[in-house]
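Engineer: This structure is in structure tokens; I'll ask about it shortly.
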Amino acid sequence: MEAGDEALEMVDSKDLQQQSKALDKLTDHVEDRQLDSSRVQTAMASIYASKEADLQAMRMREKELAAVKINAADIDIIANELEVDKKVAERTLREHKGDAVAAIRHLLN
Amino acid sequence: MGASLPPKEANLFKLIVKSYETKQYKKGLKAADTILKKFPNHGETLSMKGLTLNCMDRKSEAYELVRLGLKNDLKSHVCWHVYGLLYRSDREYREAIKCYRNALRIDPDNIEILRDLSLLQAQMRDLEGFVETRQQLLTLKPNHRMNWIGFAVAHHLNLNGSKAVDILEAYEGTLDDDYPPENERCEHGEMLLYKISLLEECGFPERALEELHKKESKIVDKLDYKEQEALLLLKLGRFEEGEKLFRVLLAMNPDNYRYYEGLQRCLGLYSENGQYTADEIDRLENLYRVLAHQYSRSSAVKRIPLDFLRDDKFREAAEYYIRPLLTKGVPSLFSDLYPLYDHPGKADILGELVLKLEQSLKSTGGYPGSVEKEPPSTLMWTLFYLAQHYDRRGQYDMALTKIDEAIEHTPTVIDLYCVKSRILKHAGDLVAAAALADEARCMDLADRYVNSECVKRMLQADQVALAEKTAVLFTKDGEQHNNLYDMQCMWYELASGESYLRQGELGRALKKFLAVEKHYADITEDQFDFHSYCLRKMTLRTYVEMLKFQDRLHSHAYFRKAACGAIRCYLKLYDSPLKSASEEDDAMSKLPPSQKKKLKQKLRKAEARAKKEAEVKIEESNATSFAKSGKRHVKPVDPDPHGEKLIQIEDPLAEASKYLKLLLKHSSDCLETHLLSFEVNMRKQKILLALQAIKHLMRLDADDPKSHLCLIKFFHKVDSLPTPVTDTEKLIWGVLEAERPAFSQLHGQSLIEANNSFLEKHRESLMHRAAVAELLYVLEPNKKAEAVKLIEDSVNDLISINGGQGNVRSWKLNDCITVHKLLETTLVDHDAASRWKVRCAEYFLYSTYFRGIQSSANNQIQKSPANGAVGLNASEDSSLSSNGRLEKLNALKDLHI
């Protein structure tokens, strides 16, 4: 029984190796060609330039929202009654300046 | 990795990793054990051992070891990475992402972990995260092609197409002029076509066309190049050039409908809704006459004019189209022409036309005005067409006459029986339809399509056991019924689930519906491998298309049906909970104590026996499968094959909500979604969510009787609510106050008045009257008699059909069944219900539900066996043996499958 098991195991691993090889062939795993690195540097620089401005605008909006005063109980009611995530409830509430009715009506649409 | 180990063990550790990657798990395990003998607490080794065991199907040990390893070495990125991989293998992607993030906190620049993370982010559609990770990868290794492409695709998915174009252009800037080398031409061409499609998507068709022309020599896919060029020219309004190009494409493939459409667009002769002026029709006719001359072998060029021609010209063209196909004997002719039945007037013309052919064939043996004799089969196919024609128009009597004539003419054509079965189904005799389909099946036991059609009919007739046996004839040996699940055979699961639901077997129904839901989850899973594969292979357009398809996956009709079915099951479970332990106790409490004890013992013993038997069975099946495949790959046996556990849930509405959420997200334009949402949320007392359902129903179709029902029921309920006390109630009240004016139906009138004006608006329609009657009873329960009268006073108008013989009435069978149920169970007026039944039996002669005189429910004996009514009344098993062929088939099965 032991020997049989062992043999089976051998077949198994050989089988698997073959499978793995076949798979590699199929997916044709080749290392990427190296690109010219000096050209790469200039290309990279042009891409990153515009990113900063977007980030800045996003941060401003977040700050604004965080300053809105809201009633914590409203968050729970909205989350519970509309079965939405608390984070969504809170954010919508902030976006509607803490007006719970307006926030709910927005979520209903 | 393995840094804290002495050199010998460190090498062994490397061996573990290598063995894992090459799938030599046994070897890796040995190495791990050797290290652990000396350093039993080495975290990374413990983790790797766990990961290895995970691949050997020893899940629980794996988790234990990986967790222990992590505990011993919290500062190791390897341990966190392994933990993430373990979660990933179990599809717990959110947990896996957390683990990868922890790993990256320790080793922020680890490329492998970043790559794994990016795959998960693409899978979970964390698109911002995906962009970020892809950017990090590019920053770390900017001279790898795949990182540039990945970054661009990430931006595209994150709805920033122009950024993606910038990146691809920057990438092109890094290439030499003589790029690409011979072996990368296909990939590079794909990348260019992807970039061009991006440019078009971002609203720069000129740039796209310019780029296309500039890169012509580098684009390998020439057909796609031409198609893109033609479409871009069209988009830019350069019609003359576009026309030329579409004609070139047509010369290559004159059966491609998109080329014809493009050509028509270039000529200014295309309208989305198929409506054209007389002048346009003339020009189109000329166009297609020339094209038909050019491409005489194309069938598209002959078929398309039927869509735009009208009246006599249509008649002429249709006859010219139909004649040779009837002579040739094309069974799909009716399906081909089916869409024309929605065009005004064309159905009548087609009917007249084919009737004329039939008469001529019968009297002269040839087509009218032709001296040539037709082969006898032409008449049979003509009758076959006419049967389907009458079926489509609801004239089931005529349809059956024609199909019977055809069967008498040539009794050996299977299609005739299939169509007859379909007609009977439409006419409402599901049992006879199933029997006929079975007869068709027996005529060719090797035809999978006929077999499937038969299974479907059986399920529609609620013969589930028989259907199962029939379906299994075409599955692989051994696995039998499970095979249908493994093959994701969803039409079968849906039809079977619907049937169980009709029969009130909710557990089995849920089992089937949830199986379909599972298939969809699996399809979502299946995309995982493509995130890395497609980027490497540069099949970018197909990749993005596949992702978009996956995003809409759950709006597919099969999923919708399954989710709706499951929700209905849960609603039923909620409305009439299981007769559970308490009821059984009731029955038992009536017995004297001594007997009670005995009975309990008996039950316990029986249970134990059943359990043992089940275990033995599982072992046996494992043993056989082991013997057969010679491998230890054992399939887990389903512990709950009949869904008994599925119905023993605490909160059916919470389960229903799970599927409802998916429907709301993916099928929000379906009336059914919001009808179910209304039902679920009213039961859950979630007033606001019910309001949301109402709002959607009004948006989609305020005139639908079901929408109206929900609207009035909702405000009736709202009006009966107590005055608000708690904060929650006050808030809900505030929203209702603000929303109510938006419902114009309720302006300045009470609910009763609103119900009445709805009736005035739709006085002629049966279903609208039924809805009004139901509400009348809800609003004023003392007016039940009036409600019943409202329904009974409905008139089933005759709709005359020009040209055809006979008339059709306006009521639909299913509607009448619904009304019957309304009278029986909602209004609870049994007399009215039986009066309704008698009345409908006259309208629907073939309906088994109303026991019409022609239906199999009424006269099994009169029908000849050739019509398949044999054994209809017999139990499923006996009808199985009565056709006697199933057993024989079992023996034959190996031969033809």
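The values are calculated or read from the model by the stated rules, or taken from the named source; none is laboratory data. Keep in mind that what you see is a predicted model, and the values were worked out from it rather than measured. For neighbour counting, all protein chains shown are included, and Cβ atoms are generated from backbone atoms with ideal geometry for every residue, glycine included.
Engineer: When both residues are 6+ apart or on different chains and their Cβ atoms are under 8 Å apart, which pairs have a first residue that lies in the range B:36-55 and is surrounded by fewer than 24 Cβ atoms within 10 Å (Cβ to Cβ), and a second that is at pLDDT below 85 and of a type outside the set (D, E, K, R)?
Structural biologist: Listed by first residue and then by second, the contacts come to B:39/B:5; B:42/B:4; B:42/B:5.
Engineer: How many residues does the range B:249-279 contain that are over 18 Å from residue B:310 (Cα atoms) and loosely packed, with under 12 Cβ neighbours inside 10 Å?
Structural biologist: Counting residues in the range B:249-279 that are over 18 Å from residue B:310 (Cα atoms) and loosely packed, with under 12 Cβ neighbours inside 10 Å gives 4.
Engineer: Turning to a different aspect of this structure: Hand me the list of helices (runs of 4 or more DSSP H) wholly inside the range A:50-109 holding 2 or more residues that are within 10 Å of chain B (Cβ to nearest Cβ).
Structural biologist: Once the helices (runs of 4 or more DSSP H) in the range A:50-109 are filtered for at least 2 residues that are within 10 Å of chain B (Cβ to nearest Cβ), what remains is A:51-66, A:72-81, A:100-108.
Engineer: When you scan the range B:189-196, do you find a residue that is among the aromatic types (Phe, Trp, Tyr), over 34 Å from the mean Cα position of the chain (by Cα), part of a helix (DSSP H, G or I) and more than 14 Å from chain A (Cβ to nearest Cβ), even just one?
Structural biologist: no
Engineer: Are there any pairs, at least 6 apart or on different chains, whose C-beta atoms fall under 7 Å, with the first in the range B:768-795 and under 11 Å from residue B:826 (Cα atoms) and the second surrounded by 13 or more Cβ atoms within 10 Å (Cβ to Cβ) and among the polar types (S, T, N, Q), and if so, which?
Structural biologist: Short answer, once both residue conditions are applied: B:774/B:826; B:775/B:755.
Engineer: Turning to a different aspect of this structure: Of all residues in the range B:1-25 being touching a residue at least 12 places away in the same chain (Cβ under 8 Å) and within 14 Å of another protein chain (Cβ to nearest Cβ), which is surrounded by the fewest Cβ atoms within 10 Å (Cβ to Cβ)? Lay out the reasoning, then the answer.
Structural biologist: Of the range B:1-25, the ones touching a residue at least 12 places away in the same chain (Cβ under 8 Å) are B:1-2, B:4-5, B:9, B:12-17, B:19-20, B:23, B:25.
Then keep just the ones that are within 14 Å of another protein chain (Cβ to nearest Cβ); that gives B:19-20, B:23, B:25.
Details: B:19: 21, B:20: 22, B:23: 19, B:25: 21.
Here the answer is B:23.
Engineer: Out of everything in the range B:675-720 that is of a type in the set (Ser, Thr, Tyr) and more than 16 Å from residue B:654 (Cα to Cα), what residue ends up being farthest from the other protein chains (Cβ to nearest Cβ)? Give the steps one after another, and end with the answer.
Structural biologist: Taking the range B:675-720 as the starting set, the residues that turn out to be of a type in the set (Ser, Thr, Tyr) are B:677, B:707, B:720.
Now drop any that are not more than 16 Å from residue B:654 (Cα to Cα), which leaves B:707, B:720.
Values: B:707: 17, B:720: 19 Å.
Top of the filtered list is B:720.
Engineer: What helices (runs of 4 or more DSSP H), lying completely within the range B:379-474, carry at least 1 residues that are under 27 Å from residue B:809 (Cβ atoms)?
Structural biologist: B:396-409, B:414-427, B:430-443, B:448-460
Engineer: Oh, and also: Within the bounds of the range B:15-28, is there any residue that is over 21 Å from residue B:96 (Cβ atoms) and more than 48 Å from the chain's Cα centre (by Cα)?
Structural biologist: No: the range B:15-28 contains no residue that is over 21 Å from residue B:96 (Cβ atoms) and more than 48 Å from the chain's Cα centre (by Cα).
Engineer: Take the range B:656-674 and flag every residue that is more than 14 Å from chain A (Cβ to nearest Cβ), out of contact with any Ser or Thr (no Cβ under 8 Å at 6 or more places or on another chain) and crowded, with 17+ Cβ neighbours inside 10 Å.
Structural biologist: B:670
Engineer: Sticking with this structure for a sec: Could you list, in sequence order, the residues of the range B:719-770 that are hydrophobic (A, V, I, L, M, F, W, C), more than 38 Å from the chain's Cα centre (by Cα) and in a loop (DSSP other than H, G, I, E, B)?
Structural biologist: Across the range B:719-770, the qualifying residues are B:721, B:725.
Engineer: Separate question: Just to be sure, is residue B:171 within 10 Å of chain A (Cβ to nearest Cβ), more than 28 Å from residue B:261 (Cβ to Cβ) and surrounded by fewer than 17 Cβ atoms within 10 Å (Cβ to Cβ)? Spell out the reasoning first.
Structural biologist: Details: within 10 Å of chain A (Cβ to nearest Cβ): yes; more than 28 Å from residue B:261 (Cβ to Cβ): yes; surrounded by fewer than 17 Cβ atoms within 10 Å (Cβ to Cβ): no.
Spelling it out, it is not the case that residue B:171 is within 10 Å of chain A (Cβ to nearest Cβ), more than 28 Å from residue B:261 (Cβ to Cβ) and surrounded by fewer than 17 Cβ atoms within 10 Å (Cβ to Cβ).
Engineer: Next question. Could you check how many residues of the range B:123-145 are within 12 Å of chain A (Cβ to nearest Cβ), surrounded by fewer than 18 Cβ atoms within 10 Å (Cβ to Cβ) and assigned to a helix (DSSP H, G or I)?
Structural biologist: Number satisfying all stated conditions: 4.
Engineer: Residue check: is residue B:533 of a type outside the set (A, V, I, L, M, F, W, C), in a helix (DSSP H, G or I), buried (at least 19 other Cβ atoms within 10 Å of the Cβ) and free of Cβ contacts under 8 Å to residues at least 60 places away in the same chain?
Structural biologist: Numbers: of a type outside the set (A, V, I, L, M, F, W, C): yes; in a helix (DSSP H, G or I): yes; buried (at least 19 other Cβ atoms within 10 Å of the Cβ): no; free of Cβ contacts under 8 Å to residues at least 60 places away in the same chain: yes.
Considered against the rule, which asks whether it is of a type outside the set (A, V, I, L, M, F, W, C), in a helix (DSSP H, G or I), buried (at least 19 other Cβ atoms within 10 Å of the Cβ) and free of Cβ contacts under 8 Å to residues at least 60 places away in the same chain, residue B:533 comes out as no.
Engineer: Find the residue count for the range B:731-745, including only residues that are surrounded by 15 or more Cβ atoms within 10 Å (Cβ to Cβ) and either modelled with pLDDT of 85 or more or in contact with an Asp or Glu (Cβ under 9 Å, 6 or more places away or on another chain) (or both).
Structural biologist: Looking only at the range B:731-745, we keep the residues that are surrounded by 15 or more Cβ atoms within 10 Å (Cβ to Cβ), and these are B:731-736, B:739, B:743, B:745.
If we keep only those that are either modelled with pLDDT of 85 or more or in contact with an Asp or Glu (Cβ under 9 Å, 6 or more places away or on another chain) (or both) too, we end up with B:731-736, B:739, B:743.
Residues flagged as surrounded by 15 or more Cβ atoms within 10 Å (Cβ to Cβ) and either modelled with pLDDT of 85 or more or in contact with an Asp or Glu (Cβ under 9 Å, 6 or more places away or on another chain) (or both) within the range B:731-745 amount to 8.
Engineer: Follow-up question, since we're still on this one. Can you confirm whether the range B:178-187 contains a residue that is over 27 Å from residue B:551 (Cβ atoms), in a loop (DSSP other than H, G, I, E, B) and more than 12 Å from chain A (Cβ to nearest Cβ)? Working first, answer last.
Structural biologist: Going residue by residue through the range B:178-187, those that are over 27 Å from residue B:551 (Cβ atoms) are B:178-186.
With in a loop (DSSP other than H, G, I, E, B) added as a condition, the list becomes B:178-181.
Narrowing the set further to residues that are more than 12 Å from chain A (Cβ to nearest Cβ) leaves B:178.
Taking every residue of the range B:178-187 in turn, at least one turns out to be over 27 Å from residue B:551 (Cβ atoms), in a loop (DSSP other than H, G, I, E, B) and more than 12 Å from chain A (Cβ to nearest Cβ).
Engineer: Name the residues in the range B:344-388 that are within 22 Å of residue B:302 (Cα to Cα) and without any contact (Cβ under 8 Å) to a residue 24 or more places away in the chain, would you?
Structural biologist: If the condition is that a residue be within 22 Å of residue B:302 (Cα to Cα) and without any contact (Cβ under 8 Å) to a residue 24 or more places away in the chain, then B:344, B:356, B:368, B:369, B:370 are the ones that fit.
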